[in-house]
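Just so it is clear, none of the values below were taken in a lab; they were calculated from the coordinates. All values reported here derive from a predicted model rather than from experimental measurement. A quick note on method: Cβ atoms are made from the backbone with ideal geometry, for glycine too, and the neighbour counts reach across all protein chains shown.
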Amino acid sequence: MVWRVVGIDPGVRRTGYAFVEADDKDGLRLKQWGVLKQVSRDAQVLGMFWRALQSFGPTHFAVEKPYFHRNPGTLLQLSEVVGMVRASAYLLSAEFVLLLPREIYSWCLGRGSTRADLRRWVANTFGGAHASLGDVPVDVLDAVAVGCALVFSLRHEWAFNRSVAGKRVM
């Protein structure tokens, strides 16, 4: 089983993304990452991002669920980003999943973890192949964590379903 997950950390000014590929064993590979800035969400940048998505061939899109802001305009802008991601998932026949921040930290690090813990975890997990990850914006780190959290959840579900399928129900 192979999963290709696009992790998204939606933002008003910047949206972080990460392409994570994993298998049912221990394989976890970070294929690509970056930030889409609000001012750069023009046709050319979105076209390049769309071609990268098509080339990656995602099976899932994982998005950190936006939380309510006091400013309704901010929530509206975040909803636009999430809507674009949902439409991309639909067009690419991929599953779309919203994850709460506590679910993301729980799957990747455990409760009570901090942003510094997240940076260390990403650097330790992918640092050998991606030494430049220590300098990436927090939006990218969050997107990596979102994608990995869904992978861990999918692995858990897959292993459970395999174990249940092998047992007879009396």
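A few notes on this one:
- Cα shape, the stretch 1-126, gyration tensor, a/c 1.5 rule: oblate
- Sequence ranges 102-115, 3-16, 140-153, ranked by mean other-Cβ count within 10 angstrom, highest first: 140-153, 3-16, 102-115
- Charge-dipole axis of the stretch 2-165 as Lys and Arg at +1 and Asp and Glu at -1 on Cβ define it, positive-most pick from Val2, Gly57, Thr74: Thr74
- Note that the stretch 107-112 has calculated 3J(HN,Hα) couplings of 5, 8, 10, x, 5, x Hz, one per residue in order, obtained from phi through the Karplus relation 6.51 cos²θ - 1.76 cosθ + 1.60 (θ = phi - 60°); glycine and proline are x.
- Distances between placed amide hydrogens fall under 5 Å for Glu95 paired with His60, Phe61, all partners being 5 or more residues away or on another chain.
- Long-range HN-HN contacts of Gln32 with modeled amide H, under 5 Å: Phe19
- Net charge of Cβ neighbours under 12 Å - reference Phe19; Lys, Arg +1; Asp, Glu -1: +2
- Beta bridges from DSSP with both residues in the stretch 2-165: antiparallel share about 65 percent, rounded to the nearest 5.
- Using R0 = 25 Å, the C-beta based FRET efficiency linking Leu100 and Glu80 works out to 0.80.
- Near Lys65, the amide H atoms lying under 5 Å from its own belong to Leu99, Leu100; only residues 5 or more places off or on other chains count, and H is placed 1.01 Å from N.
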